[in-house]
Ligand SMILES: [Zn+2]
């Protein structure tokens with residue numbers, strides 16, 4: 001075999017992989033300092049299942065993650081994809097999973113990713129009009145992001161509410177990020193929305209990804225970003241979409257994202273969705 005026939009994939013051990021368990025995941029109540037929390041853990045203590053490579057094998061996994069809407073859906077996701085790796089993400093020194101993964105931490109990542117993706121989609125569509133409800137120019141030099149999470153929907157919100165479904169962020173003020181006022185037009189929404197995405201991704205990825213250098217079989221030195229955990233990998237997928245390293249379009253049938261990064265064709269639906277439609281049609285005709 002000459003070098004041209006060899007795979008151009010990065011050399012195996014440099015790539016991020018993650019463990020799936022053979023057991024189903026369940027929720028258990030645990031008492032910590034008199035408070036009861038729900039923790040997710042593999043039912044039988046976590047028998048080894050298999051290793052997989054989320055970044056290469058499941059480029060659309062983040063789009064599945066942010067749609068999780070119940071503890072049951074989270075448990076099914078974990079059974080298929082493993083822990084989020086919150087212990088590694090939070091840099092506790094205990095073994096990941098020793099105490100399970102708390103529901104509120106899963107929920108906070110789900111909500112945050114939902115908000116970031118809604119804003120990122122609008123930014124990538126340059127939809128200034130729709131972004132206007134999220135970006136508030138309180139004073140000439142105070143710009144704030146505000147939204148409310150309402151089930152699957154994320155709506156702009158001008159009020160400052162004290163509840164878990166409200167998300168706000170100061171994007172620029174006289175003391176913080178004031179250089180933006182030289183670039184933004186007064187009252188504009190697109191520039192501040194981009195800054196919101198940047199700030200949210202910076203926070204989500206801070207100390208979570210290490211650059212690695214891989215040498216491909218042709219001897220070319222290439223960049224590879226190595227996440228610390230599954231949740232860091234999911235945020236890395238969002239980051240790659242934001243900088244245009246990956247491209248997605250929404251499936252005409254299920255409206256979920258399809259990775260079209262390598263695709264020069266005009267594929268409009270997932271293969272699985274098109275198969276499902278064909279099966280339904282077949283059953284209608286023959287059933
Ligand atoms: Zn689809």
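Note down the nm distance, to one decimal, between modelled labels 7 Å out along Cα→Cβ at residue 30 and at residue 162.
Those two pseudo-labels are separated by 3.0 nm.
Can you put 48, 226 in order of Cβ neighbours within 10 angstrom, beginning with the fewest?
48, 226
Using a/c under 1.5 as the rounded threshold, could you call the range 182-287 rounded, prolate or oblate? The axes a ≥ b ≥ c are square roots of the C-alpha gyration tensor eigenvalues, and prolate needs a/b larger than b/c, oblate otherwise.
Oblate is the answer for the range 182-287, as a/c is 1.5 or above yet b/c matches or exceeds a/b.
If I stretch the segment between residue 90 and residue 178 completely, what's the gain in nm (0.36 nm per residue apart, minus their alpha carbon distance), one decimal?
On the way: separation 88, 0.36 × 88 = 31.68 nm, distance 3.09 nm.
Residue separation times 0.36 nm, minus the Cα-Cα distance, leaves 28.6 nm.
Pick from 82, 177, 100 the residue whose mean-square fluctuation is largest in a GNM of the chain, springs joining Cα atoms under 10 Å.
Residue with maximal mean-square fluctuation among 82, 177, 100: 177.
Can you tell me the order of 215-222, 182-189, 134-141 when each peptide is scored by its average per-residue count of other Cβ atoms within 10 angstrom, highest first?
The peptides rank, most packed first, as 134-141, 182-189, 215-222.
If packing is taken as the average count of other Cβ atoms within 10 Å, what order do 196-202, 52-58 fall into, highest mean first?
In descending order of packing, they fall as 196-202, 52-58.
Test of understanding: what is the full-extension gain from residue 245 to residue 139, defined as 0.36 nm times their sequence separation minus their Cα-Cα distance?
34.6 nm
Which whole-angstrom value gives the distance between the alpha carbon centres of the range 30-69 and the range 146-196?
So the two Cα centres are separated by 30 Å.
Quickly estimate the mean residue ellipticity at 222 nm for the chain, helices only: each DSSP H run with n ≥ 4 gives -39500 (n - 2.57), and the total goes over all residues, rounded to 500.
Computed mean residue ellipticity for the chain: -10000 deg cm²/dmol.
If you count, for each residue, the other Cβ atoms within 10 Å and average over each peptide, how do 30-41, 247-258 line up from highest to lowest?
Per-residue mean Cβ counts within 10 Å order the peptides as 247-258, 30-41.
Just so you know, all these numbers are worked out from the coordinates, no wet-lab data involved. Not measured: the values here are computed from a predicted model. Quick reminder, even Gly has a Cβ in these numbers, built from the backbone with ideal geometry, and neighbours come from all protein chains shown.
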